[in-house]
Structure formats: structure tokens, C-alpha cells
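Presented below is the structure to which this report refers.
The values are calculated or read from the model by the stated rules, or taken from the named source; none is laboratory data. Please read all numbers here as calculations on a predicted model, not as lab measurements. Glycine also receives a Cβ, built like all others from the backbone with ideal geometry; neighbour counts cover every protein chain displayed. Keep in mind that these areas ignore ligands, DNA and RNA; they rest on the heavy atoms of the full protein, side chains included. Shrake-Rupley method; radii C 1.70, N 1.55, O 1.52, S 1.80 Å.
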Amino acid sequence: MSQAGQNLKYLRKLRGWTQEEFAEKLGIKRSLIGAYEEERADPRLEVLEIVSDIFKLSLDELLLKDVSNTGGSYLAKRRQQKMMTADRNVIHFVPVKAAAGYLAGYADNEFIDELNTFTLPMLSGGNYRAFEIIGDSMLPTPSGSIIVGEKVDDTEDVKNNQAYIVVSRNEGIVYKRIVKNNKTKNKLTLVSDNPQYQPYQVNAEDVVELWAAQMVISKVSAQQRWDVNSLASMVNNLQSQVSTLKKKMN
């Protein structure tokens, strides 16, 4: 039996490519990559020739051998690189276009494995994930920023008024500050940095993941500029919101 399908899957994951990215490099549709990897179809010769050139393998190796057990120079080096980075903080990136799929696949290792990854050497050991945010509710953090968060396993560990990526069944993926109220431990109050947006509550039982914001990555051109009048208006609105929250909590 041909090993081509399993070899393509192994080689793609070795490079950290998604099926869509691999398909673009091979000049074929993403659905064909899925068909090859699931052995519903055999790769065409011209596709195998491109793969052979990329990974410096012969057609015989792609078709007849399990390359995951091959000690060739290219694969050996790639394996060594992965071993060297295994203990580093590999961060999976969730772009906006993958947000809907993430709600269904956040606990699916196969789905998470399909996400692109990167590392940030300044972060200490931990479980990190990055999310792209869209909208102006957290200004001055601009729309399109990437929030790198560290996993919080228990809502009891949430720090009051700190920023988090909140993944919930009803609200999806949002970036907000969390205000805790000891009187309503079963609810979390989510507050925007932009005072034009009113705080709202979510049921703690609906929250499936919490990621404490550690870093914000954004384009230089996207940085928001504020004038004195805007800042003064923001301060006044924030004071009003704080007063309202205190009244509700009391």
C-alpha cells in the first residue's frame, strides 16, 4: 500500500503548515490535501514531484517508506529543531477567521494543531495562546491587535480589573477586563476600556476558557492617538461607570 498520504500529512505537520498553506505551495485545492491525508485519493505524480523537491526526498521514499522513521539528513535536522524548541513557549495563534471554529474545537488537539504557531522569548514558562481582536471596545488597544494570554484554569484565580481573553458559549471570544463581585460569584462582569461601551455580565458556567493578557502585538501604524479633550471625556465616563458599578455591588 502507498505511504504517500500519511507521508504528506507527516511532512506538512513537520513544517507547521496548515492544509490550506500546504495546498497553496503545491498549487492545488485544500480539499485535495484532506483527501490525500485521509487516503481517499492518491496524490498525482506532479504533486509528489513538488513535495519531493521541497523535502529533498525521492519518489520511492514518498510512495513506499514511512518517512517518519527515515534518518535522512533533512528530516533528521528538522526533528532536531523540533526537539530543541519543544520546551519553549509555543504559542498557537487564533485569527478572527478561525474564531467560530475555535469555539467548537478549542478542546480538539487536531484542530489546535492546525493553527499557526510562534514563540516569544521574553515570556517565561507557561501555557500561552494568541487571539486577534477586532473592534474599538478596548481602545486605545487598536482593532486588529493580537493579544497573547496565559491560561487561567480556575475563575477563582482571576484578578480583579485585569484584562482577559474570555471564551464563552454565548459571547464567543472577547477581550475585556473582569470585575469580580463576591456577592455574585456565579457571574463575571466584563468591562471595556472604551467607556462608550457599557459593562455586562456573563454566567461563570458559560465560560469555557480564560486567558490572562500578557502582551499586546499591534502594527505601529495602527496605534491610536488621543487628544486632551478625548482623554478628559474618557476619564469622566470611566468615573461614571465606576460609580455605577459600586452602587450595583453595594
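If packing is taken as the average number of other Cβ atoms within 10 Å across a peptide's residues, how do 188-198, 152-162 rank, most packed first?
Order by mean packing, descending: 188-198, 152-162.
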The relative contact order of the chain, taking Cα pairs under 8 Å that sit 6 or more residues apart, comes to a percentage of 14
Neighbours of Trp211 by Cβ distance under 9 Å: Lys/Arg at +1, Asp/Glu at -1, summed charge 0
Expected vector for the range 156-169, Karplus 3J(HN,Hα) from phi with 6.51, -1.76, 1.60 and θ = phi - 60°, integer Hz, x for Gly and Pro, equals 5, 8, 5, 8, 4, 6, 8, 8, 9, 8, 10, 10, 10, 5
Expected field for Ser124, accessible surface area in Å² at 1.4 Å probe radius, rounded to 10, holds 80
A 1.4 Å probe over the protein heavy atoms gives the range 148-224 a carbon and sulfur accessible-area percentage of 39
So for the range 117-212, using the alpha carbon gyration tensor with a ≥ b ≥ c as root eigenvalues (a/c under 1.5 gives rounded; past that, a/b versus b/c decides prolate or oblate), I'd call it oblate
Mean Cβ-within-10 Å packing, highest first, puts peptides 2-12, 51-61 in the order 2-12, 51-61
